[in-house]
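Peer 1: My structure is below; once you've seen it, I'll send some questions.
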Amino acid sequence: MSDPLVIGGRSLTSRLFIGTGKYSRNTLIPEVVEASGSQVITVALRRVDPGSNDNIISHIPSSMTLLPNTSGARNAEEAVRIARLAKASGLGNWVKIEVINDQKYLLPDNAETIRATEILASEGFVVLPYMSPDLSAALRMKEAGAAAVMPLGSPIGTNRGLRTRELLRILIAEVDLPVIVDAGIGRPSEAAEAMELGAAAVLLNTAIATAHNPLLMASAFRDAVAAGRKAYLAGLGPVEETASASSPLTGFLG
């Protein structure tokens, strides 16, 4: 069954986006890409060093869609500058907007993110803003030209799962854009749960990079995302308060 995810005019068969941070060695990245089946990978521009013998970009397969992120930006102006630098460096016109002032929980600044989204979308960028899951903010991001919204499941890097589940459900139901759950997912079962809710995709990094066996974990997430998507498309059965027998209880043995 054909079920592509289309963002910015690009058709994707994988709904698992991955990152490039926290790996014990950069040479693991292409192996994780293969094991995960992912087609989109995010990288912080501040980690890209063209003059380095171990430039992280050299470890990313050319078939991948690069999603540079504006990690380190504290306001819209800084995010816009980083995005423009990424594009000028040949990293393409996709960008994940991250604007974060809070250094304890690393929660995104939705207001500054909306401003950055509007500026960059008007310049032709395919903008995927990382956000706190707030319906009003998500709708404003859509109006600003976002190609998708990326609400957090829980604070980034925590592996705590879908602590914002009900808010995610609301965004998925009410925002006419792909909703990509980004940050906090720690287990394949949580990725499957996000997909069962109707998320268009999930983005994760820490859960794979900090696993004892990152390649096996990447494969597990690949399967979980696919299973969750199939369950959503199949239509989950209703949840009942009382028991309901699968087979008739009448007429047994005459």
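The values are calculated or read from the model by the stated rules, or taken from the named source; none is laboratory data. In this text, all values refer to a predicted model and were calculated from it rather than measured experimentally. Every residue, glycine as well, gets a Cβ built from its backbone with ideal geometry; the counts of neighbours run over all protein chains shown.
Peer 1: Of the residues S89, S154, only one is within 22 Å of N205 (Cβ to Cβ), surrounded by fewer than 19 Cβ atoms within 10 Å (Cβ to Cβ), among the hydroxyl-bearing types (S, T, Y) and out of contact with any Asp or Glu (no Cβ under 7 Å at 6 or more places or on another chain); which?
Peer 2: Every option except S89 fails the conditions.
Peer 1: Which of (1) in a helix (DSSP H, G or I); (2) surrounded by 21 or more Cβ atoms within 10 Å (Cβ to Cβ); (3) aliphatic (A, V, I, L, M) is the odd one out, the single condition L162 does not satisfy?
Peer 2: (1)
Peer 1: Here is a further query. Restricting attention to segment 72-123, and to residues there that are of a type in the set (S, T, N, Q) and at pLDDT 90 or above, which single residue is nearest to V43 (Cα to Cα)? Please lay out each step first, then the result.
Peer 2: Just the residues of segment 72-123 that are of a type in the set (S, T, N, Q), to begin with: 75, 89, 93, 101, 103, 110, 113, 117, 122.
Next, only the ones that are at pLDDT 90 or above stay: 75, 93, 110, 113, 117, 122.
On the way: N75: 19, N93: 13, N110: 21, T113: 18, T117: 18, S122: 23 Å.
Applying the filter and picking the extreme gives N93.
This table checks each residue for (1) farther than 22 Å from G21 by Cα; (2) assigned to a helix (DSSP H, G or I).
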| site | (1), (2) |
| --- | --- |
| I172 | yes, yes |
| E196 | yes, yes |
| V202 | no, no |
| A211 | no, no |
| M217 | no, yes |
| K230 | yes, yes |
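Peer 1: Filtering segment 173-187 down to residues that are β-branched (V, I, T) and crowded, with 22+ Cβ neighbours inside 10 Å, which residue is nearest to A209 (Cα to Cα)?
Peer 2: Step one: filter segment 173-187 for residues β-branched (V, I, T), giving 175, 179-181, 185.
Subset that is crowded, with 22+ Cβ neighbours inside 10 Å: 179-181, 185.
Numbers: V179: 23, I180: 20, V181: 18, I185: 12 Å.
For segment 173-187, the residue satisfying everything is I185.
Peer 1: Further, regarding this structure: Picking from L85, L106, L91, which residue would you name as being at positive phi and of a type in the set (A, V, I, L, M, F, W, C)?
Peer 2: On the way: L85 fails: at positive phi; L91 fails: at positive phi.
Answer to the check: L106.
Peer 1: Answer yes or no: is there a residue in segment 228-245 that is surrounded by 20 or more Cβ atoms within 10 Å (Cβ to Cβ), of a type in the set (A, V, I, L, M, F, W, C) and either touching a residue at least 60 places away in the same chain (Cβ under 8 Å) or under 24 Å from S2 (Cβ atoms) (or both).
Peer 2: First, pick out the residues of segment 228-245 that are surrounded by 20 or more Cβ atoms within 10 Å (Cβ to Cβ): 228-229.
Subsequent filtering for residues that are of a type in the set (A, V, I, L, M, F, W, C) retains none.
No, because not a single residue in segment 228-245 is surrounded by 20 or more Cβ atoms within 10 Å (Cβ to Cβ), of a type in the set (A, V, I, L, M, F, W, C) and either touching a residue at least 60 places away in the same chain (Cβ under 8 Å) or under 24 Å from S2 (Cβ atoms) (or both).
Peer 1: Give E196, E190, E143 a once-over and let me know the one that is in contact with a Gly (Cβ under 7 Å, 6 or more places away or on another chain), over 18 Å from R74 (Cα atoms) and surrounded by fewer than 22 Cβ atoms within 10 Å (Cβ to Cβ). Talk me through it step by step, then tell me what you get.
Peer 2: Values: E190 fails: surrounded by fewer than 22 Cβ atoms within 10 Å (Cβ to Cβ); E143 fails: in contact with a Gly (Cβ under 7 Å, 6 or more places away or on another chain).
Unique residue meeting the criteria: E196.
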